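Read through the structure below, which is laid out as structure tokens, and then see the notes.
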Amino acid sequence: MKQGCVIKGADVVVETGLIRADISIMDGKIARIAPDVDFDAPVIDATGLIATPGGIDPHSHIEQRSGMGLMNADTFETATYSAAMGGTTTVISFAAQGKGERLQEVVEEYAKCARRGAMIDYAFHLSLSDPGAPHFNDDLRALIAKGHRSLKVFTTYNIALSQAEIEHVLRIAGPAGALTCVHAEDDATLEAARNTLIALGKTRPKHHAEARPKEAERRAVARICDAAIRCEAPVMIFHVSCAEAAEVVREARASGAPVTAETCPHYLFMTADVLDRPGMEGAKWMCSPPQRSKADQAALWRALEDGTLDLISSDHAPYRFDETGKLSAGPKPPFPDIANGLPGLETRLPLLFDALDPTRFARLTATAAADIYGLAQKGRLVPGADADIVLWDPDRTHTYGSDDLHDNVGYNPYEGHSVTGWPTYVFLRGQLIVSNGTLTATPGQGRWINRSLP
């Protein structure tokens, strides 16, 4: 039996702007968008609400070990619960290879976790740490062909690849139709800065920002952009945090380099001052790259405006502020021993809905990610697309509390921050999964998205 409904009277975000229309949904797809749709189905009154595509968060760490070997706080169940409550209906997380591990086996283990717990739709980036592992080249090509069309490499931490290894990956990924995403910070620059600070006894969380200077990011981004040109392979620069790195991306794109780039809310709404708290409190906000300055914030907003940066992801990297997470190395660890990352899956969309006009909001939080990562049925409100829809109350205000998110982290890094605009209803493939703050999705309801080439 066919299942459907009609969303009546919403202000619908389409690529040209807002239109007042009804949205009819049939069998999980958008059937029609038009005024006064005549459709025999249950009706949801959306008068006064704004309809946007369900959020796509293409950068989220779920059930994953850090470079320090520490398991993060969220399972697929808790992470996707949190995502749905914030209006996100698709997430791309990581299938992270450990040293010596076969890629095929890594992906299957992460897929089991997602099949068990995911409440929204999902895909994986293949996070690569060991090109010397058994059958690496064959596994990589086979997984790309099966629909895992994005990879991740690091230029720092103990999982970093050498420049030669990165270019080897690019020469496999590019011709196979895969995008290589890069955590780009120059490891030698970071090591020198870190050693200098430790020698001076500067080891508090606030010194983390000094330990990861902007020059490290600029150098690594420039090197990756050059490699993209040389290898004729597309790259995505993850979490651009500063003006200098954005400028490198701008120049590379102007020269024809196949480069895309993203930033994150914690770079747009925070500065390094958040790390300077009494005791160890600043550890809650430690991430890499770190938050920068107000001038860098302004540069990132300009880069989003002129298209240098393509989208805004959360880089959700959840660690509790206790001995299982941030304080796993002791009650007062030096900054190099503190897990990097903060939660963001649930807060990303409300923060940005408040800050952007609806059309730019939809593009930066859904449409661009759909286009870049091969999510053809996601990211737009058009007939034939998956009916992943969020209905926003544009007048509702909300002030974040100390621990009011639905992840497993135990604190909200945006405590005290107020937003106007709130996700009232969330639909996943036509099914209502959030209604006025109540989640009705179930673990395992999410589906893996096959991103195979047509």
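The values are calculated or read from the model by the stated rules, or taken from the named source; none is laboratory data. Treat the numbers as computed from the prediction; the structure is a model and nothing was measured. Every residue, glycine among them, receives a Cβ derived from its backbone with ideal geometry; neighbour counts consider all protein chains shown. Surface accessibility is based on the protein's heavy atoms, side chains included, excluding ligands, DNA and RNA. Shrake-Rupley method; radii C 1.70, N 1.55, O 1.52, S 1.80 Å.
Below is a table of values for the structure above.
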{"quantity": "Relative packing of 243-256, 37-50, which averages over residues the other C-beta atoms within 10 Å, highest first", "calculated": "243-256, 37-50"}
{"quantity": "Computed over segment 30-153, the ratio Rg/Rh where both radii use C-alpha atoms and Rh is Kirkwood", "calculated": "1.12"}
{"quantity": "Residue-span extension gain [residue 229 to residue 254] - 0.36 nm each, minus C-alpha spacing", "calculated": "7.8 nm"}
{"quantity": "Quotient of Cα Rg and 2.2 N^0.38 Å for segment 17-56, N being how many residues it contains", "calculated": "1.19"}
{"quantity": "Per-selection metrics, segment 275-358 (Cα): Rg and Dmax in Å", "calculated": "15.3, 45"}
{"quantity": "For residue 430, residues with placed amide H under 5 Å, excluding near neighbours", "calculated": "387, 388, 389"}
{"quantity": "Semi-axis lengths, Å, segment 223-308, gyration tensor of Cα atoms, sqrt of 5 times eigenvalues", "calculated": "29, 14, 8"}
{"quantity": "Part-to-part distance (alpha-carbon centres) for segment 1-42 and segment 399-454, which is given in Å", "calculated": "22 Å"}
{"quantity": "Tail fraction, Cα-Cα pairs, segment 102-258, threshold 28 Å, whole percent", "calculated": "30 percent"}
{"quantity": "Candidate lysines for bridging to residue 8, where Cα separation is under 18 Å - those fewer than 8 sequence places away on the same chain excluded", "calculated": "29"}
{"quantity": "Contact order relative to length of the chain, as percent, for alpha carbon pairs under 8 angstrom and 6 or more apart", "calculated": "22 percent"}
{"quantity": "Cβ crowding within 10 Å averaged over residues, with 88-96, 179-187 ranked highest first", "calculated": "88-96, 179-187"}
{"quantity": "Separation in nanometres of the label points that stand 7 Å from Cα toward Cβ, at residue 38 and residue 404", "calculated": "4.5 nm"}
{"quantity": "Local electrostatic count, residue 71, Cβ distance below 12 Å [Lys/Arg +1, Asp/Glu -1]", "calculated": "0"}
{"quantity": "Antiparallel DSSP beta bridges within the chain, as percent of all bridges there, nearest 5", "calculated": "50 percent"}
{"quantity": "Relative contact order computed over segment 313-380 (Cα-Cα under 8 Å; 6+ residues apart), in percent", "calculated": "26 percent"}
{"quantity": "Calculated FRET value between residue 200 and residue 163, using beta carbons and R₀ = 30 Å, to 0.05", "calculated": "0.45"}
{"quantity": "Subset of 152/206; 99/202; 152/378; 152/202; 202/326; 284/332 violating a 24 Å alpha-carbon distance limit", "calculated": "152/206; 99/202; 152/202"}
{"quantity": "Segment 305-382 versus segment 87-145: alpha-carbon centroid distance in Å", "calculated": "19 Å"}
{"quantity": "Under the Karplus curve 6.51 cos²θ - 1.76 cosθ + 1.60, θ = phi - 60°, whole-Hz ³J(HN,Hα) for segment 371-383, x wherever Gly or Pro sits", "calculated": "5, 6, 9, x, 9, 4, 8, 10, x, 9, 9, 9, x"}
{"quantity": "Net charge of Cβ neighbours under 12 Å - reference residue 61; Lys, Arg +1; Asp, Glu -1", "calculated": "-3"}
{"quantity": "Solvent-accessible surface (1.4 angstrom probe) belonging to residue 276, in square angstrom, nearest 10", "calculated": "90 Å²"}
{"quantity": "Mean accessible surface per residue for segment 210-346, computed with a 1.4 Å probe while every protein chain stays in place, in Å²", "calculated": "34 Å²"}
{"quantity": "Value of Rg/Rh across the chain [Cα atoms, Kirkwood radius]", "calculated": "0.96"}
{"quantity": "Unit Cα scatterers, Debye sum, segment 371-450: log10 I(q)/I(0) for q = 0.14, 0.19, 0.25 Å⁻¹", "calculated": "-0.65, -1.05, -1.19"}
{"quantity": "Between 0 and 90°, nearest 10: helix 294-306 axis offset from the chain longest Cα axis", "calculated": "50 degrees"}
{"quantity": "Distance in nm between pseudo-label sites at residue 109 and residue 298 (7 Å out along the Cβ direction from Cα)", "calculated": "4.8 nm"}
{"quantity": "Folded to 0 to 90 degrees: helix 76-85 orientation relative to the chain principal axis, Cα", "calculated": "60 degrees"}
{"quantity": "Dimensionless Rg/Rh of segment 85-180 - Kirkwood Rh, Rg from C-alpha atoms", "calculated": "0.98"}
{"quantity": "For the chain, calculated [θ]222 nm from helices alone, where every DSSP H run of n ≥ 4 adds -39500 (n - 2.57)", "calculated": "-8500 deg cm²/dmol"}
{"quantity": "Charge context of residue 366, other residues only, Cβ under 14 angstrom, K/R +1, D/E -1", "calculated": "-3"}
